[in-house]
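The values are calculated or read from the model by the stated rules, or taken from the named source; none is laboratory data. Predicted model only: the values in this text are computed from it and were never measured. No Cβ is skipped: glycine too gets one built from the backbone with ideal geometry, and neighbour counts run over all protein chains shown.
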Amino acid sequence: MSELSDTSNDRESRWRALMASAQDGDHAAYGELLSDLFPVLRRFVLRKWPNAHDTEDVVQEILVSIHTVRQTYDRERPFTPWLMTIAARRVADAARSRYARGANETTVDVLPETFDGEGAKSEQETRDDRDVLRKAMAILPAGQREAIELIKIQGLSLDEASRVTGKSVGSLKVGIHRAIKAMRQALERIG
C-alpha cells in the first residue's frame with residue numbers, strides 16, 4: 001500500500017515539476033508531460049466512456065483542453081485533481097455530444113450507391129441529360145458559360161474564379177445567376 005502511494009506521490013511531484021517547467025516555456029518538459037499523461041488519460045476515458053472506438057478522440061479533446069488552459073494551473077496546488085477535472089468535463093462533453101447526435105441521426109450499416117427500381121436512370125437517359133445540358137450551356141454568352149464551367153463544374157471558389165478570369169466576384173455572381181436563369185429557360189424549351 002505504501003509502495004503504491006509512493007509511486008503516486010512521485011508521479012504527482014514529477015507532473016507538477018513538468019507542468020511548472022512547461023508554463024515557463026520548456027517545450028521538452030511539456031512534451032514529456034503529455035507523453036506521461038496520454039496512457040493515464042486513455043485508461044481514465046476507457047473506464048468512463050462506453051465507446052472504445054471514440055476513446056482516442058476524447059483523449060485528444062482532453063489534451064487540447066490541457067494545452068488551452070495550461071497557464072491556469074496553480075503551481076501551489078496538486079496537479080492530478082486539476083487534470084482529472086478537465087478530463088471528467090471533456091468526457092461529459094463527449095457524452096452530451098454523442099447523446100445529441102444520437103437523438104438526431106439514424107445509422108445504417110450500408111448506404112446504397114444507387115436505388116433500384118423505375119426511378120433509376122439508365123445510362124442512355126444520363127447521356128441524354130448531359131447532351132441537353134451541353135445544348136443549354138451552348139446558348140450562353142462566353143462570360144456566363146465560363147463562370148458556370150469554373151464555379152459549378154470545376155468547383156472553383158468565387159475568389160479562385162475571379163483570379164482566373166480577371167472579373168470581380170460580384171460580376172461572377174451576376175453572371176452565374178443570369179446563366180442559370182437562361183439555362184433554366186432553355187431547358188424548359190428543349191424539354
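For region 120-132, the tally of residues that are modelled with pLDDT of 70 or more and within 34 Å of the chain's Cα centre (by Cα) stands at 1.
Scanning region 14-45 for residues that are more than 11 Å from Leu63 (Cβ to Cβ), out of contact with any helix residue (DSSP H, G or I) (no Cβ under 9 Å at 6 or more places or on another chain) and part of a helix (DSSP H, G or I) returns His27, Pro39, Arg43. Scanning region 46-74 for residues that are in contact with a helix residue (DSSP H, G or I) (Cβ under 9 Å, 6 or more places away or on another chain) and surrounded by fewer than 11 Cβ atoms within 10 Å (Cβ to Cβ) gives Pro50, Ala52, Gln71, Thr72, Asp74.
To keep it simple, each residue is scored yes or no on (1) at pLDDT below 90; (2) assigned by the TED database to the domain that holds Ala29; (3) in a helix (DSSP H, G or I).
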| position | (1), (2), (3) |
| --- | --- |
| Gln60 | no, yes, yes |
| Val64 | no, yes, yes |
| Gln71 | no, yes, yes |
| Pro81 | no, yes, yes |
| Ser97 | yes, yes, yes |
| Val108 | yes, no, no |
| Glu118 | yes, no, no |
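The residues listed here are Ile153, Ile180; of these, the one that is modelled with pLDDT of 85 or more and over 30 Å from Trp49 (Cα atoms) is Ile180.
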